[in-house]
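Since the structure comes first, as structure tokens, the remarks are kept for the end.
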Amino acid sequence: QVQLVESGGGLVQPGGSLRLSCAASGRILTINRMGWFRQAPGKQRELVAIITNGGSTDYADSVEGRFTISRNNAKNTVYLEMNSLKPEDTGVYYCNTNGFMREGANVGQFDSWGQGTQVTVSS
């Protein structure tokens with residue numbers, strides 16, 4: 001299996017910034033897409049930002065221009081730089097990655113989720 005460990009969440013005032021990190025570990029061969037999702041209380045989980053192994057990015061309209069996703073392929077890590085935070089950005093942020101991994105002598109696919117990290121934007 002591939003494990004994801006997230007860090008960087010917390011409490012911040014409106015207009016502030018936070019940086020989330022997510023490190024993948026395990027019998028990884030290649031990682032394709034890496035992304036961040038979030039879930040606010042009483043709402044469905046939604047896509048925040050994704051980045052491909054080629055570096056192409058896509059963002060939710062609500063965070064475009066304020067959030068930046070990046071990755072370090074050598075460290076199997078994805079980051080989310082969040083600026084100009086708003087109360088509506090509050091929620092649990094989840095990291096998600098997919099790709100290929102070793103399964104004994106074979107190669108298998110994985111699609112893994114992190115445990116989530118809480119982001120609260122409040123004065």
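The values are calculated or read from the model by the stated rules, or taken from the named source; none is laboratory data. Here the structure is a predicted model, which means the values were calculated and not measured. Don't worry about glycine lacking a Cβ; one is built from the backbone with ideal geometry, like all the others, and counts go over all protein chains shown. Heavy atoms of the whole protein, side chains included, go into the accessibility calculation; ligands, DNA and RNA do not. Shrake-Rupley method; radii C 1.70, N 1.55, O 1.52, S 1.80 Å.
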Can you name the residue in the range 95-123 that is farther than 30 Å from residue 10 by Cβ and part of a loop (DSSP other than H, G, I, E, B) and, of all such residues, is most open to solvent (accessible area, probe 1.4 Å)? 105
Name the pairs: first residue in the range 66-82 and among the charged types (D, E, K, R), second residue buried (at least 16 other Cβ atoms within 10 Å of the Cβ), Cβ to Cβ under 6 Å, at least 6 apart or on different chains? 71/34; 71/51; 71/78; 81/68
Condition test on residue 92, is it within 21 Å of residue 10 (Cβ to Cβ) and either at pLDDT 95 or above or open to solvent by 40 Å² or more (accessible area, probe 1.4 Å) (or both)? yes
